[in-house]
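The values are calculated or read from the model by the stated rules, or taken from the named source; none is laboratory data. Note that the coordinates shown come from a computational prediction; the quantities given were computed from them, not determined experimentally. All Cβ positions, glycine included, derive from the backbone under ideal geometry; neighbour counts span all protein chains shown.
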Amino acid sequence: MQHQELARAVTTLLEREPAGSRLDSALGLIAGAFEARTATLHRARAGSTTLELVSQLGLPEQLLPIVKTIPFGKGMAGLCAERRAPVSLCNLQTDASGDARPGAKQTGVEGAISVPVLSATGELLGTLGIGKPVAHDYTPDEEATLLDCARALGRALGSQTS
């Protein structure tokens, strides 16, 4: 699937899938298109500065308690939420920037990115993250595609009650 078609496919899937499985299905579609090993969707908690995991694909079981709740400013998803801008690493395994949390290396992924999920009015709804099993510099086109997918996911998150 061409990256340009991905956001459209995610939107269609979110409109047609049953509510209980649509976020997982959307993450699977996004991960598959990017050949990603992991994918996460966190929701921003209303009136808080934390993110709550609502869907994931491929994370090791031992990491789930760690990524269940993420404070703004901590790790890639937390920095993405704080900045309301994408945060990416070419190789999470060798990165020394401090952008990734120490436990993130347990995912085994290298090329990782987290993009903000924003409402139509710019309100932070959450973050979308993917991780590839190889080192990867995300191109502006790939980043834009993920932001389009995040907008589609934002409509789905915005229609759910927290």
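If the condition is being farther than 14 Å from Leu128 by Cα and free of Cβ contacts under 8 Å to residues at least 40 places away in the same chain, then region 39-56 contributes Gly47, Ser48, Thr49, Thr50.
Within region 154-161, at least one residue is of a type outside the set (Gly, Ala, Ser) and either at pLDDT 85 or above or in a helix (DSSP H, G or I) (or both). Restricting attention to region 51-82, the residues being farther than 29 Å from Arg8 by Cα and of a type in the set (Ser, Thr, Tyr) number 1.
Here the condition is being among the β-branched types (Val, Ile, Thr), more than 22 Å from Gly20 (Cβ to Cβ) and part of a helix (DSSP H, G or I); of Ile113, Ile66, it holds for Ile66 alone. For region 118-126, indicate whether the set of residues that are modelled with pLDDT under 95 and among the β-branched types (Val, Ile, Thr) is non-empty. Checked region 118-126: at least one residue is modelled with pLDDT under 95 and among the β-branched types (Val, Ile, Thr).
If only residues of region 103-112 that are loosely packed, with under 15 Cβ neighbours inside 10 Å and in contact with a helix residue (DSSP H, G or I) (Cβ under 9 Å, 6 or more places away or on another chain) are counted, the one that is modelled with the lowest pLDDT is Gly103.
In the set (1) at pLDDT 95 or above; (2) farther than 14 Å from Ser88 by Cα; (3) not hydroxyl-bearing (Ser, Thr, Tyr), Ile130 fails one condition alone, (2). Figure legend. Inter-residue proximity from region 130-154: first residues among the polar types (S, T, N, Q), second residues buried (at least 16 other Cβ atoms within 10 Å of the Cβ), beta-carbon distance below 8 Å, spacing 6+ or different chains. Indicated pairs: Thr145/His3; Thr145/Leu6; Thr145/Ala7. All of (1) of a type outside the set (D, E, K, R); (2) outside any strand (DSSP E or B); (3) closer than 16 Å to Leu14 by Cα hold for Ala144 with one exception: (3). Of the residues making up region 6-50, those that are of a type in the set (D, E, K, R) and either in a loop (DSSP other than H, G, I, E, B) or more than 18 Å from the chain's Cα centre (by Cα) (or both) number 6.
Any chance region 85-101 includes a residue that's closer than 25 Å to Gly158 by Cβ and surrounded by fewer than 19 Cβ atoms within 10 Å (Cβ to Cβ)? Scanning region 85-101, I find at least one residue that is closer than 25 Å to Gly158 by Cβ and surrounded by fewer than 19 Cβ atoms within 10 Å (Cβ to Cβ), so the answer is yes.
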